[in-house]
Each structure stands twice: as C-alpha cells, then as structure tokens.
Amino acid sequence: MNRIHLKKSFKLSKIKPINLMAVFIMIILIGLYLIFGYIKDRIMPSIFKYGSLEAKKFSSIIINDAIDKYITSEINIEELFLITNDGNGDIKSIDFNTSLINKYLTNATKSIQQSLKYIENGDIQKVEYQADLLENYDEKALKNGVIYYLNSGFIFNNPIFANFGAQIPIKISLTGDVISNVSTEVTNYGINNALIKVYVNIKITEQVILPYYDKEIELETKVPVALKLISGTVPSYYGNLNTTTPSLTLPSD
C-alpha cells in the first residue's frame, strides 16, 4: 500500500536581526519627521506670535530711549521752528529747521542700530541703555543673546501649565536697514491758533529666532518729540510743515 506523504506547510523565513533593526530605525525616523513637522506647522507659529510680541516690546525700549536721549532732551523748540514776522509783527510764515532735526535723528538712528547689534551679539556691556534693560530683563540671558525665555507650557493655553515645561530661548537679529524720518502735523487750535506736532518715525526689520524656526518682522514706531502752539493770526504759509522729511537709512551691517 502506497503511503501518502503530506508536504510540510511553508514557513516564512525569519527576518534577519539587521533587517529588523533597519525597519525599526526607519519607523523612528518617520515618526520624528512627523512630530517635528507637526511642531513646526502647528506649535511654532503660536510660539512665534508670542516671541514677536516680546521682540517688539524689547526693541521699543531701545528705540524710545534713543529718541529720548538724542532728540527729545536735545531739541530747542525755538530753534526748531523758523518763524518770520511781517512789518506789523504778525506771523507771516513758519518753517521747519530740517537740518537741525536731521542731525539729532542721525545720532538716534545710529544708537538704535548699534544697540540692537550689541544685543544680538550678547555685548550687553556696550549698550547705552543698560539701566532699563537690566531692570526688566535677565542680564545673564542677554549676555547669551537671549532677550526672553518662554516656558513651553504656555502652548496648552492654561494658566496652570504656563510656568512649566522646557524654556524656549527667543533671540533677535537686525536683518534690514534702520529707516527713520521726521513728520510734522499742523492743526487748528481754537481761534487764530495753530498746534504744531513733530514726530519721529522709526522702522526696523528684525528676525525673531526660535529653535528650528525663524521669521522676519517689521516694527514701526511713531514718537512725538515736540509741540508748539502758535498764537495770534494763523499764517498762510507753513513752509515744509504738514509733511514728512526724506527718510534716513542706515544699513544693518
């Protein structure tokens, strides 16, 4: 009697350990890619939004202190406006001393540029406005070029977790030119009076730098630096008032 021999069922060959390790590493890499992609697309924009607010607040301290030191405290109102009277002593015209204000503006703009560069490089000892900065910010962090440490727990939008989590350093870098100009504005004030306002406008472009993420922002600041009330007959000519002076541009390098 012939015996029937059953074939042994087919068995899959075992995966070699080196191949198993390669698959495992590939899964980890794909997982890390997806995680970092999620962080970059979903989480970092929220962190950047907060970081940009801190960068603007910090830069505003530098800008306002420079304007106060080099313009507001130096301006002589009587020298700033050139007033011409007619034979009767009435005001005939009012002009604006552009060359004088531009001298002050140049000094303030250079100070802003240098201070932001010093902060970027961590040279805090060279910054003119150390008192304001050291009062509100961490001196040790500033020496490392960090203007603020943000606790990552804030992304949960819950006060309980706001002070927990890893600290995210926020840095800034001046990437564009420092642009400044002076604008004036004349408005009627009561009867036969005119109020002249002088503003300094500063525009800077800087990069907010976060771990694995950076983006440029623009900061525009308009600061009033002088007011003058003209009493009497309102003149028919205001020279180059109610206008903006040509912009002064200092390269960021």
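Taken together, the values in this text are just the output of simple stated rules run on the coordinates, not laboratory data. None of these values were measured; they are calculated from a predicted model. Quick reminder, even Gly has a Cβ in these numbers, built from the backbone with ideal geometry, and neighbours come from all protein chains shown.
Things to note:
- Computed P(r) (all Cα pairs; the stretch 106-158; 5 Å bins; percent): 4, 20, 25, 18, 12, 10, 7, 4, 1, 0
- Relative packing of 188-199, 56-67, which averages over residues the other C-beta atoms within 10 Å, highest first: 56-67, 188-199
- Out-of-range pairs (alpha-carbon distance over 18 Å; input Lys69/Lys171; Lys117/Lys222; Lys56/Lys203; Lys69/Lys103): Lys69/Lys171; Lys117/Lys222
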